[in-house]
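Asks: One structure coming up, written as structure tokens, with questions to follow.
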Amino acid sequence: MTEAYIFEAERRDLAMVAREMFNRKNTNVAGGNISVKVTAPRDINYGPVHVKKDHQYLIMTPTFMSEAWFGKLSGAQILVVDLESGQQIDGVGRLTREINMHIGAYEANPGIKVVYHSHAEESMFWATIGQDMPNVTEITAVNQTLGKIKCLPYKEACSQELADQVHASLLSLGDDALENIFLLNSHGVLITCTDLHEATRILETVEWNAKIAYQETIFKSLGLIKQYQSCGKDTSAFLD
């Protein structure tokens, strides 16, 4: 079956994931954006669009994904960006100003295939107070390699300072950057991963963890529990 446009299957999948991110309230109308790194399997011409064999591209949600379209994107609206030059070569809409943060993340580790940014409600609480999120649920603490859910110091949204900070912070993680989530102070979350659907799972499970950690914090402050509870015991392992 011939594709109607470049990277059609991958762009349709990303459009579906973006729609679900908005519908499941894992971002708000103020924004959120997702990109996936893809490699062209061969030289192909799609009308005026040319892709080069083995060259790396990003497919990415357009700016105003949430504000203008409420996450209801078609595959053709997903942008194609030349990763080397940062230039948009296909797609309906314009690049988000946060493209610099995405590129900074990909440059930190070549194994990163997905950069997933959202304004997730429960996680935003921890991001807004500038505090690392207690990691208390089994799925986040044990069954994946997230470790500490760290909040980065405040840098203005869309700024080069934020992009540079993300790059340096991921660089310091080494291969742990291949499955990671940062809280962006007063801004939201940033997930790096090797698979789009795995990144979606990380966001969803961390959102549950954020709410439960908030409730445990209340119980802890009231003296109802001595320490955060995880996996059947008191623990502060992910807070040290």
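Asks: Based only on Cα atoms, what mean projected area does the convex hull of segment 136-188 have, in nm²?
Replies: Reported value for the Cα convex hull: 3.9 nm².
Asks: A further question follows. When the chain is treated as a GNM, springs tying every alpha-carbon pair under 10 Å, which of GLY174, GLY130, GLY223 comes out with the largest mean-square fluctuation?
Replies: GLY223
Asks: Now a separate question. Pop out the ³J(HN,Hα) list for segment 77-83 in order, Karplus 6.51 cos²θ - 1.76 cosθ + 1.60 with θ = phi - 60°, rounded to Hz; leave Gly and Pro as x.
Replies: 7, 5, 7, 10, 10, 6, 5
Asks: So, one more: Computing the accessible area with a 1.4 Å probe over protein heavy atoms, can you report the carbon and sulfur percentage for the chain?
Replies: For the chain, the apolar C and S fraction of the accessible surface comes to 53 percent.
Asks: While we're here: What number comes out for accessible area per residue over the chain if the probe is 1.4 Å? Units Å², please.
Replies: Accessible area per residue: 47 Å².
Asks: Dividing the alpha-carbon radius of gyration of the chain by 2.2 N^0.38 Å (N being the number of residues), what value is obtained?
Replies: This ratio for the chain stands at 1.05.
Asks: With θ set to phi - 60° and the Karplus curve 6.51 cos²θ - 1.76 cosθ + 1.60, what are the ³J(HN,Hα) couplings of segment 98-114 in order, to the nearest whole Hz, using x for Gly and Pro?
Replies: 8, 4, 5, 5, 4, 5, x, 5, 5, 6, 6, 7, x, x, 5, 10, 9
Asks: Also, quick follow-up: Would you kindly state the longest site-free stretch of the chain, with sites defined as trypsin sites (Lys or Arg not before Pro) in a DSSP loop (not H, G, I, E, B) surrounded by at most 10 other Cβ atoms within 10 Å?
Replies: The answer is 54-225.
Asks: Now for a separate question. For segment 1-140, report the % of Cα-Cα distances exceeding 22 Å.
Replies: 42
Asks: A further question follows. Given Cα positions, please report Rg to Rh for segment 139-223, the hydrodynamic radius being the Kirkwood one.
Replies: Taking Rg over the Kirkwood Rh, I get 1.00.
Asks: Where does segment 1-66 land on Rg(C-alpha)/(2.2 N^0.38 Å)?
Replies: In units of the globular-protein estimate, segment 1-66 measures up at 1.28.
Asks: Could you quote the convex hull projected area for segment 38-111, Cα atoms only and averaged over all directions, in nm²?
Replies: If you wrap the Cα atoms of segment 38-111 in a convex hull and average its projections, you get 5.3 nm².
Asks: Here is a further query. Using a simple spin-label model with points 7 Å from Cα along the Cα→Cβ vector, what separation in nm is obtained for ALA157 and PHE70?
Replies: 2.0
Asks: Could you identify which residue out of ALA213, ALA30, ALA108 has the top mean-square fluctuation in a GNM of the chain using Cα springs shorter than 10 Å?
Replies: ALA30
Asks: At LYS226 and GLU3, where each label point lies 7 Å from the Cα along Cα→Cβ, what is the point-to-point distance in nanometres?
Replies: That separation, rounded to one decimal, is 5.8 nm.
Asks: Write out the GluC sites (Glu not before Pro) in segment 91-176 meeting two conditions: DSSP loop, and at most 15 other Cβ atoms within 10 Å of their Cβ.
Replies: Hits after loop and neighbour filter: GLU156.
Asks: Applying 1/(1 + (r/R0)^6) with R0 = 35 Å to the Cβ-Cβ distance of ASN28 and LYS233, what FRET efficiency is obtained, to the nearest 0.05?
Replies: Step by step, r from the Cβ atoms, then E = 0.45.
Asks: Using only Cα atoms, find the angle between the long axis of helix 8-23 and the longest principal axis of the chain, and express it within 0 to 90 degrees, rounded to the nearest 10.
Replies: So the inclination is approximately 40 degrees.
Asks: Grab the Cα-Cα distance for ASP43 and HIS55, subtract it from 0.36 nm times how many residues apart they are, and report the gain in nm with one decimal.
Replies: Stretched fully, the ASP43-HIS55 segment lengthens by 3.4 nm.
The values are calculated or read from the model by the stated rules, or taken from the named source; none is laboratory data. Everything quoted here is computed from the prediction, not taken from an experiment. Please note: Cβ atoms are built from the backbone with ideal geometry, for glycine as well, and neighbour counts cover all protein chains shown. Keep in mind that these areas ignore ligands, DNA and RNA; they rest on the heavy atoms of the full protein, side chains included. Shrake-Rupley method; radii C 1.70, N 1.55, O 1.52, S 1.80 Å.
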